[in-house]
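Read the structure below first, then the notes.
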Amino acid sequence: MSISIWNQRFFSSTRGRIVMLLRRASRTVDELAQALDLTDNAVRTHLTTLERDGIVQQRGERRSTSKPAHVYDLTPAAEQLFPKAYGPVLQRLLAVLSQKLAPTELEAILQETGRTLAARQESSASTLQQRLDVAVEALNEMGGMAELEQCEHGYCIHSHACPLATATQNHPAICQLVEAFIAEVAGVAVQNRCESGEVPRCQFSITL
C-alpha cells in the first residue's frame, strides 16, 4: 500500500479526523466528542492510542464551568503524517545545482550544509562513542533508522532507512551532506559507504 493511499484511509478514520481537528486547534475531550458526535469515552480510547503512537499529547488544562479539562494537541512528530513538498523541491534543487555547478562545487556546498546542520546540535558528550550516539539519534529524528556498531577498525553507522531517500537515487552526492553532519558532530573523519540504489541505505565508517 502506498503512503498516499494509507494517508487517505487514515484521515478518513475516526483517529484521522481527530488528528485533523487537533491540527486546526487544541481541543478537550468534550470538544472533540461534540465535533465528531461521539461519546467522551470513545474519544478517550482513540486519544490513548494516538498518545501511545506519539501523535497526540496533553498540553495543560482549560477551565470550564465544572472542572478543569485536559487539552490535547499534536506532537511535532505528527507533521510527518501530512503531505510535504520537501522531496520534489529537493530533487529539483539538486537537479538545477548539478547543471550549474561542477561536481566538486556541489559536494562542497552539501558538506558545508551538513556542517551547518551539525552546529545546531547541542550536546555535552565527551567520548567519541557518546558523540556518535548523538549523531545517530539526530539521524533517527530526521527519519532514519540508524544504529551504531563497533567494527573491526572502529565504528560503523548503519541505517535501514535513508532520511534523504527521495533524493539519493538520482543524486547520490547528497550523502556527502550526511557524512559531513556526522563528522562535525563526532569530531572525527567519516567515510561514506552508502548504497544509493532503489532502496537506499546509509552506511558510514569511522576508523580509529
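Tabulated data
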item	result
Within the range 179-201, considering residues that are under 11 Å from H158 (Cα atoms) and at pLDDT below 85, the one surrounded by the most Cβ atoms within 10 Å (Cβ to Cβ)	R201
Test: residue in the range 79-90 that is assigned to a strand (DSSP E or B), β-branched (V, I, T) and more than 30 Å from R131 (Cα to Cα)	no
Subset of the range 48-72 (residues that are assigned to a helix (DSSP H, G or I) and in contact with a Lys or Arg (Cβ under 9 Å, 6 or more places away or on another chain))	T49, L50
Per-region count, the range 46-60, residues surrounded by 14 or more Cβ atoms within 10 Å (Cβ to Cβ) and in contact (Cβ under 8 Å) with a residue 12 or more places away in the chain	6
Check on A95, of a type in the set (A, V, I, L, M, F, W, C), modelled with pLDDT of 85 or more and in the same structural domain as Q8 (by TED's automatic domain parsing)	no
Members of the range 22-43 that are of a type outside the set (G, A, S), crowded, with 17+ Cβ neighbours inside 10 Å and assigned to a helix (DSSP H, G or I)	L22, V29, E31, L32, V43
Test for E147: is it free of Cβ contacts under 8 Å to residues at least 24 places away in the same chain, closer than 21 Å to I182 by Cα and under 22 Å from the mean Cα position of the chain (by Cα)	yes
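Results for (1) among the small types (G, A, S); (2) surrounded by 15 or more Cβ atoms within 10 Å (Cβ to Cβ); (3) within 26 Å of L81 (Cα to Cα); (4) in the same structural domain as C202 (by TED's automatic domain parsing), shown as yes or no for each residue.
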site: G114; (1), (2), (3), (4): yes, yes, yes, yes
site: S123; (1), (2), (3), (4): yes, no, no, yes
site: S126; (1), (2), (3), (4): yes, no, no, yes
site: Q129; (1), (2), (3), (4): no, no, no, yes
site: A146; (1), (2), (3), (4): yes, yes, yes, yes
site: E152; (1), (2), (3), (4): no, no, no, yes
site: C156; (1), (2), (3), (4): no, yes, no, yes
site: H171; (1), (2), (3), (4): no, yes, yes, yes
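One line per residue, one yes/no per condition, for (1) under 30 Å from C175 (Cα atoms); (2) in contact with a Gly (Cβ under 8 Å, 6 or more places away or on another chain); (3) at pLDDT 85 or above:
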| site | (1), (2), (3) |
| --- | --- |
| S2 | yes, no, no |
| Q8 | no, no, no |
| R27 | no, no, yes |
| E31 | no, no, yes |
| P68 | no, no, no |
| Y72 | no, no, yes |
| E112 | yes, no, yes |
| A119 | yes, no, yes |
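The values are calculated or read from the model by the stated rules, or taken from the named source; none is laboratory data. Remember, it's a predicted structure, so these values are computed and weren't measured experimentally. Cβ sites come from the backbone with ideal geometry, for glycine too, and all protein chains shown count toward neighbours.
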